[in-house]
Amino acid sequence: MAVQLRPASRLATLWRQRRVLQLLVSRDLKVKYADSALGYLWSIVEPLLMAGIYWFVFTKLMTRSLGEDPYIVFLLCAMLPWQWANGVVRASMRALNKDSKLVRSTNLPREIWVLRAVLSRFADFALALPVLALFAALNGATPSWHVVFFPVAVLIQGVLLTGLGLILAPLAVLYGDVERLMRLLMRLLFFLSPVVYGVHDVQDRLGDGLSGLYVINPFAGLLDLYRTAFFAEEWAGWAPLGVSVGSAVVLLALGLVVFRRLEGPALKEI
Amino acid sequence: MQPVIEAAGLGISFRRNRGRRRRLRELSGSPPQTGRRKGEFWALRDVTFSVDPGEAVGLVGGNGQGKSTLLKLIAGVLLPDEGTMLVRGGVAPLIEVTGGFVGDLTARDNIALTAGVHGLSKRAIADRFDEIVEFAEVGDFLDTPFRHFSSGMKVRLGFSVITTLDEPIVLVDEVLAVGDRSFREKCYRRMEDLLSGGRTMFLVSHNVSDLRRFCTRGLYLKGGSLALDGTLEDALSRYGEDVARRRERRAARG
């Protein structure tokens, strides 16, 4: 196996190594649940707590003029995918460092460490979905026919996060500031993304110009698509979704190039 | 016969200081400059050699002369800044042998994980499981978390798993220095089996008798460049001369 590989053949090598990837992801789950009594609860506690707080503030303390009823379902629809995204951003920045010994002793295509972060966090996301279903059932929310787009949204987000992770993983090893900077940016992005409110709320309040600017955020169209699974009327049109799909593809292509270029320098540092 | 390892004009540089700052220029596509920036040094440079299947090569040289770096380049866990390293076939690296293990998982899980990460199929792992355990002498501790293992047990298990892989190239970096005498004997026998089975082997050791026992060919690395590529005896005697000369010079000075 030649060490220098073209992007396409690297993808082929990755595909051949999918069993290793599966092994790594299941190991992550095993380690997570091996020593904790609460086990499964830990993967749902954070999104649930976050959603609970916003639900409390917006429906109990303030009179809510954003979003839809039932608000807790509205929140969770976007909160769970957001937690996946946030988790991947955090995990990918430690993807090469965390198991540096393993990374240093195996000649796997190193993109695999990023993919592992994406998939491990996806497993958490998937495990938290029953909570959404439970709250929907308790509040009498029924899925719209848009729910068929749910897997599409997952796919778009998977591509987006892989691209992002491929860029962040080597950068975080090389530049110490990246991790802190990203933590800050993700907190900002949380409020700039339609999690506690919907894309429609932005369009209603900001007018065409500003809301056009708003949907440049790839998470706008993406989270909106998730949300239509329960709230079909939240569908904000093709433009935001187009931005999400476009940026996912661009980020993945960019990620593959950046990762390849920075892999050598990053390996020297871990 | 096609060589299994071909290194051509191989070079890799590291930064002397441990600062993390990098230049954004490295993001752009400019080819690496030949003159390096200040604060960088070449751990290896202009190293060219090729190895045929079944050869046993001993790497000779003092500390910090690039031996381990060369092994890592062969293993593909470091990438060259200059030149090319072509390796045909997989590599079983006895470098950081315990690296793949997770402290929180049991020995049983760890064997499956590490062997799997190195490309062994589930079936093959199941078939060889008993052999791995028996060789490592950890049969009574299969369900013990790995972090409770003694350092000797960790290395034994690591050696056992890695040498069970089917890879045609085996890299050995000083692992023989650890373990008690009886286990070392077992390791020697395992390595002889690997060699007689047609594997290609690279051995880094400061122990001359270890090198003599396994290797016929020698590469002598000095200051990051390949000072000699010949028989092991040639490499050892050149290395010996250099060490003696340095000692004389130091004696003359002091």
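The values are calculated or read from the model by the stated rules, or taken from the named source; none is laboratory data. If you're wondering where the values come from, they're calculated on a predicted model, not measured in any experiment. Neighbour counts are summed over all protein chains in view; Cβ atoms, including those assigned to glycine, are modelled from backbone coordinates with ideal geometry.
Annotations
- Set side by side, the residues B:L70, B:L94, B:L86 differ, and just one is in contact with a helix residue (DSSP H, G or I) (Cβ under 8 Å, 6 or more places away or on another chain) and either buried (at least 21 other Cβ atoms within 10 Å of the Cβ) or within 11 Å of chain A (Cβ to nearest Cβ) (or both), which is B:L94.
- Selection from the range A:166-198 of residues that are outside any helix (DSSP H, G or I) and of a type outside the set (A, V, I, L, M): A:Y175, A:G176, A:S193, A:P194, A:Y197, A:G198
- Any chance B:D143 is within 13 Å of chain A (Cβ to nearest Cβ), surrounded by fewer than 20 Cβ atoms within 10 Å (Cβ to Cβ), out of contact with any Gly (no Cβ under 7 Å at 6 or more places or on another chain) and of a type outside the set (A, V, I, L, M, F, W, C): yes
- Total residues in the range A:61-90, condition in contact (Cβ under 8 Å) with a residue 12 or more places away in the chain and outside any loop (DSSP other than H, G, I, E, B): 20
- Count of residues meeting criterion [assigned to a helix (DSSP H, G or I) and without any contact (Cβ under 8 Å) to a residue 40 or more places away in the chain] in the range A:199-232: 17
- When A:L5 is tested against (1) within 14 Å of chain B (Cβ to nearest Cβ); (2) at pLDDT 90 or above, exactly one condition is not met: (2).
- Single match in B:L171, B:L120 (criterion: touching a residue at least 60 places away in the same chain (Cβ under 8 Å), closer than 27 Å to B:V57 by Cβ and within 13 Å of another protein chain (Cβ to nearest Cβ)): B:L171
- Residue satisfying all of: in the range A:21-60; outside any helix (DSSP H, G or I), more than 11 Å from chain B (Cβ to nearest Cβ) and not small (G, A, S); nearest to A:P130 (Cα to Cα) among these: A:Y40
- Taken residue by residue, the range A:239-256 has no member that is within 14 Å of another protein chain (Cβ to nearest Cβ), more than 23 Å from A:R64 (Cα to Cα) and either of a type in the set (D, E, K, R) or part of a loop (DSSP other than H, G, I, E, B) (or both).
- The set of residues from the range B:191-247 being among the hydroxyl-bearing types (S, T, Y) and modelled with pLDDT under 90 comprises B:S205, B:S209.
- Test: residue in the range A:92-107 that is away from every other protein chain (no Cβ under 14 Å) and under 14 Å from the mean Cα position of the chain (by Cα): yes
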